[in-house]
1. Mind running the shape call on region 1-93? Use the C-alpha gyration tensor, a ≥ b ≥ c as the square roots of the eigenvalues: rounded below 1.5 for a/c, prolate if a/b tops b/c, oblate otherwise.
2. List the lysines whose alpha-carbon lies under 26 Å from that of Lys178, not counting same-chain residues fewer than 8 positions away?
3. So what's the net charge close to Ile146: Lys and Arg +1, Asp and Glu -1, counting the other residues with Cβ under 13 Å from its Cβ?
4. Could you give the length gained by full extension between Glu82 and Gln161, i.e. 0.36 nm per residue of separation minus their alpha carbon distance, to one decimal place?
5. So which residue, out of Thr171, Thr107, Thr38, gets the largest mean-square fluctuation from a GNM of the chain using Cα contacts under 10 Å as springs?
6. Using the heavy atoms of the protein chains alone and a 1.4 angstrom probe, what is the accessible area of the chain per residue in square angstrom?
7. Given region 146-202 reduced to its alpha-carbon atoms as identical point scatterers, what log10 I(q)/I(0) does the Debye formula return at q = 0.18, 0.22 Å⁻¹?
8. State the antiparallel share, in %, of DSSP beta bridges confined to the chain, rounding to the nearest 5.
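The values are calculated or read from the model by the stated rules, or taken from the named source; none is laboratory data. Worth saying up front: this structure is predicted, and the values here are computed from it rather than measured. No Cβ is skipped: glycine too gets one built from the backbone with ideal geometry, and neighbour counts run over all protein chains shown. Ligands, DNA and RNA are stripped out before the accessible areas are found, and what is left, the full protein with its side chains, is counted by its heavy atoms. Shrake-Rupley method; radii C 1.70, N 1.55, O 1.52, S 1.80 Å.
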Amino acid sequence: MVYILVETKQYNLAIFASGTGSNTKKIIEFFEASSFITIALIVSNKPEAGVLDIARANSISTLILEKERFFKGDAYEPVLKEFGIDFLVLAGFLWKIPAHLIHIYPTAIINIHPALLPDFGGKGMYGNHVHEAVINAKKDKSGITIHFVDEHYDHGKHIFQATCSVLPTDTPETLANKIHQLEHEHFPRIIEEVVLAKYNLQ
Ligand SMILES: Nc1nc2c(c(=O)[nH]1)N[C@@H](CN(C=O)c1ccc(C(=O)N[C@@H](CCC(=O)O)C(=O)O)cc1)CN2
Ligand SMILES: NCC(=O)N[C@@H]1O[C@H](COP(=O)([O-])[O-])[C@@H](O)[C@H]1O
C-alpha cells in the first residue's frame, strides 16, 4: 500500500479590533473547523479591550499595538511575519492602517463598516457615531459594507453590502443591534469567500 502525504497550506488570519469583539467571536467560531484558514493572532490598540478576553478564552495569541511603532516604525511587520500572517481582517479597529502595511498586504486587508458606504464613512465615523448620523439624516434604511482596505478610511473597493430598515422609533442602540445581527450573519462567510478566492482554494 502506497500512502501519499498531502500537506494542506493553512492561511493565517490576524483580526484587528479595538472593542468588545462580538464579530471576532463569530469569526473564531466560524473557522474553528476550517481546513484552510486559522485565526492566528488578535491585534488591538486597547489593552483593556474585551476582544482580548475572547482571544485568551480561545487560546489565540494577542498583540497590543503601541502608537509610535505602529505609525512611525515598522508597523509590526516583523511580528506579523513571525506569525505567518497572510491576511488581515479589521473588525471594529479604530486606527488607520498605515500605507506600509497596505503595501505588504495588497488586497489582503478587509474591513467591515456599519453603514452603507459611501455614505456615513470617513474620519470620525465609527461605532454609535455612525448610527447617530444615519438616524439624524432620517434614513429609512442602513446596513453593512465589507470592503478592501486602502490608505484612506472607508474608501476601498466594496465586496459586499446588506441592508436593514431604520424605523422612526430606532435609537443608535437599537440600530446597532440590527447592524450587529447583519455583521454576525455575513462577515465570517465573506471573509472565507475572499480568502479562498485570493488563494484559488474554491
Ligand atoms: N487605511 C485604513 N485603515 C482603516 C480603515 C480603512 O478603510 N482604511 N477602516 C477603519 C475602520 N473604520 C471604519 O470602518 C474607521 C475606524 C476609525 C475611524 C476614526 O475616525 N478613528 C479616529 C480615532 C478613534 C480612536 O482612536 O478611538 C481617528 O482616526 O481620529 C474611522 C473609520 C480601520 N482602519
Ligand atoms: N468604522 C469602524 C466601525 O465602526 N466598526 C464597527 O465596530 C463594531 C465592532 O463591534 P464588535 O467589537 O462587537 O465586533 C462593528 O459594528 C463594526 O462594524
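1. Details: a/c = 2.96, a/b = 1.59, b/c = 1.87.
Verdict is oblate for region 1-93.
2. Those lysines meeting the cut-off are Lys25, Lys26, Lys46, Lys96, Lys123, Lys138, Lys139, Lys141, Lys157.
3. With Lys, Arg at +1 and Asp, Glu at -1, the net is -3.
4. 25.1 nm
5. Thr171
6. Numbers: 10580 Å² over 202 residues.
Spelled out: the 1.4 Å probe surface of the chain, per residue, equals 52 Å².
7. So the normalised log intensities work out to -0.77, -0.95.
8. Taking every DSSP beta bridge within the chain, about 40 percent pair in antiparallel fashion.
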